[in-house]
1. Nearest 10 degrees, 0 to 90: what angle lies between the long axis of helix 264-275 and the longest principal axis of the chain (Cα atoms)?
2. If exposed GluC sites (Glu not before Pro) are those in a DSSP loop with at most 16 other Cβ within 10 Å, what is the longest stretch of the chain that has none?
3. Label segment 167-304 by shape, choosing from rounded, prolate and oblate, from the square roots a ≥ b ≥ c of the eigenvalues of the Cα gyration tensor; if a/c is under 1.5 it is rounded, and otherwise prolate applies when a/b is larger than b/c, oblate when it is not.
4. Taking +1 at the Cβ of each Lys and Arg and -1 at the Cβ of each Asp and Glu, which of 48, 37, 90 sits farthest along the dipole of segment 32-100 towards its positive end, judged by Cα position relative to the Cα centre?
5. Mind checking the dipole of the chain: about its Cα centre, +1 per Lys or Arg Cβ, -1 per Asp or Glu Cβ, Debye to the nearest 20?
6. Which one of 267, 363, 391 is farthest out on the positive end of the charge dipole of segment 238-428, using unit charges on Cβ (Lys, Arg +1; Asp, Glu -1) and the Cα centre as origin?
7. Rounded to the nearest 500, what is the chain's calculated 222 nm mean residue ellipticity when only DSSP H runs of at least 4 contribute -39500 (n - 2.57) each, over all residues?
8. Roughly how far apart, in whole Å, are the Cα centres of segment 292-345 and segment 63-99?
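Values quoted throughout were computed directly from the atomic coordinates according to the rules given, and no laboratory measurement underlies them. Note that this is a predicted model, so its numbers are computed, not measured. Note: ideal-geometry Cβ built from the backbone for every residue, glycine included; neighbour counts use all protein chains shown.
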Amino acid sequence: MTASLLHAPRLHRTVLANGLTVLALENPVADIISARIFLRAGSALETPATAGLVSFLMGLITKGTDRLSSMAIAEAVESVGASLSTDSAADYSVISLKTVAADFEDIFTLATDLLRRPSFPPAEIDLEQRLTLQQIRSMQEQPFTVAFNELRQAMYGDHPYALSSIGTETSVTAFTQAQLLDFHHQHARPDNVVVTVVGRISPEAAVAQVERTLGDWPQPPSSPPSLQFPTVNPVSDCFPICQDTNQAIVMVGYGGAPVQHPAYAALKLINTYLGNGLSSRLFVELREKRGLAYDVSAFYPTRLGQSQFVAYIGTAPDNAAIALEGLRFEVERLRDTLLTDDELQAAKNKLLGQYALGKQTNAQLAQLLGWYEILGLGLEFDHQFPDLVNAVTALDIEAVAQAFFRDPTLVLLGPDSAITPLAQAQTAS
């Protein structure tokens with residue numbers, strides 16, 4: 001199903017009396033139903049002292065309720081061949097499930113019980129802490145992750161987007177059952193929840209199922225906790241990290257627009273042109289033609305708050321200086337070099353082709369529907385996005401590059417002999 005969701009004949013949006021939003025799309029092609037239960041609570045709600053709390057909580061939400069153990073939950077899901085998982089991101093967290101149609105009611109009921117009544121057993125907290133600490137220590141041995149963590153912190157400062165999504169050893173060690181229950185009590189409320197259901201089920205039946213399991217969930221009298229992002233002032237500086245590695249990691253970060261900014265579509269196109277795939281500008285110019293890169297790409301995350309545009313390259317330490325020069329040149333040349341008609345159209349075709357391919361399965365559609373709702377874009381954004389992309393001109397690309405691709409934050413990771421002189425030269429300039 002690649003048609004616009006807005007014009008899908010069996011797509012319904014309903015808001016229950018308690019404020020919970022339901023999005024249901026009938027797709028009878030296969031005997032499968034996918035659902036997502038989104039919570040408007042992501043790592044953007046965290047502080048340095050609570051970094052990683054949302055990820056930690058979502059990892060535990062399937063580990064027990066007041067009446068079910070983690071083993072009983074796992075057996076209920078696996079006995080019918082269903083899938084049930086959780087995830088968290090900067091701007092939301094989510095419970096995902098997929099079943100055959102006959103088992104949907106039982107598995108969805110289980111998922112809503114996990115959402116409403118997690119118990120966070122102390123033994124499970126201890127185990128999750130040990131596993132998370134192992135993950136944190138493992139990530140500290142990954143050069144790319146170390147470099148990106150430094151870049152993110154330098155660019156975001158006091159903004160919660162600066163924090164590691166899985167936390168720090170200090171924050172994770174301090175998590176308690178009372179803290180988890182308090183966060184859940186504050187943020188897990190019906191008017192903070194979006195449920196999406198896609199598959200072989202009528203919208204009417206989907207809404208009725210949500211009403212049965214979540215309709216009696218009382219809406220608190222007070223409004224949900226508000227999220228106020230601080231102003232982001234990225235530091236235009238160079239941050240060296242000396243490690244005895246076989247390759248150097250060079251990262252260049254620029255401030256990026258939030259999802260509802262007029263520059264969003266143009267930045268997505270620039271990201272596609274520069275860093276998306278083997279035909280991208282960075283790959284062709286820096287790896288294929290100049291042989292500088294083990295790995296080279298760019299990314300521009302979709303965010304409710306201010307995002308970031310990051311280009312990076314992994315290269316031989318002796319090539320770090322010329323790789324940095326090439327990376328910046330390819331990004332910043334867009335400020336005064338217009339894309340050709342062919343370049344612009346190729347980027348549009350690639351971006352919109354990948355967008356269409358991301359709407360093939362019930363699970364993908366359920367994710368997309370809820371994501372748009374959480375971001376405040378509305379269902380119509382699925383129809384609007386291709387139009388926004390197609391409307392971008394070469395002059396628009398140039399104007400957006402002029403607005404955003406200035407005064408970058410630099411992170412250099414590699415052997416001291418290569419990184420320190422390069423960092424000193426960057427600081428001096």
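1. The two axes meet at around 60 degrees.
2. In the chain, the maximal stretch lacking such sites is 142-379.
3. Prolate, since a/c reaches 1.5 and a/b exceeds b/c.
4. Positive-most Cα among the choices belongs to 37.
5. About 320 debye.
6. About the Cα centre, the residue reaching furthest to the positive side is 363.
7. So the calculated ellipticity at 222 nm is -13000 deg cm²/dmol.
8. 39
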